[in-house]
1. In nm, give the distance between the simple-model label positions of Arg97 and Tyr45, each being 7 Å from the Cα along the Cα-to-Cβ direction.
2. State, in angstrom, two size descriptors of region 32-91 derived from its alpha carbons: Rg to one decimal place and Dmax to the nearest whole number.
3. When the chain is modelled as a GNM with alpha-carbon springs shorter than 10 Å, which of Ala58, Ala19, Ala43 fluctuates the most?
4. Considering only Thr52, Thr72, Thr12, give the residue with the highest GNM mean-square fluctuation for the chain, with springs between Cα atoms whenever their separation is below 10 Å.
5. Run the count for the chain, please: Lys pairs, Cα-Cα under 22 angstrom, 8 or more apart or on different chains.
6. Taking θ = phi - 60°, what integer Hz values does the Karplus form 6.51 cos²θ - 1.76 cosθ + 1.60 yield along region 43-51, in sequence order, with x for Gly and Pro?
7. Of Gly75, His93, Tyr45, which is farthest on the positive side of the dipole of the chain, counting Cα position, with +1 on Lys and Arg Cβ, -1 on Asp and Glu Cβ, and the Cα centre as origin?
8. Quick one: which residues, 5+ away or cross-chain, put their amide H under 5 Å from the amide H of Val36? H built at 1.01 Å from N.
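Since every read-out is calculated from the coordinates, none of them should be taken as a lab result. All values reported here derive from a predicted model rather than from experimental measurement. Ideal geometry is used to build each Cβ from the backbone, glycine not excepted, and the neighbour counts take in all protein chains shown.
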Amino acid sequence: MDKDSAMNTQDTSIIDQLAEAIALRAPPPVPIEKQVWNAKQCAAYIGKSYQTFMSYYAPLPSFPRRINFPSTSGGRPGPMWKAIDVINWVFSHQEKR
């Protein structure tokens, strides 16, 4: 085994060990069915600006209904949407063949 191959094997082993250690400490991912997205996340998902999302897409009657959480500060919190509902809404607009 030449020097470069030995170094690559050693580097890969260290990287694998680091990845495993990080994975053990990371919280489990929240299933998409349980995620809620804010307006910026919805806009990013559909590839539009925040302004375009809030002024055009969010008010559409066909767009999923908002989730309005109570505010802890007395102000009005930003709206949220169930991620899976937004995803399903996007795919409901796919062209039929």
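1. Result for the modelled spin labels: 2.5 nm.
2. In Å, with Rg to one decimal and Dmax whole: 11.4, 36.
3. Ala19
4. Thr12
5. On the way: Lys34/Lys82; Lys40/Lys48; Lys40/Lys82; Lys48/Lys82.
For the chain, the number of qualifying lysine pairs is 4.
6. Listing the rounded values in order: 4, 4, 4, 8, x, 10, 6, 4, 4 Hz.
7. Value: Gly75.
8. Distant-sequence amide H within range of Val36: Ala83.
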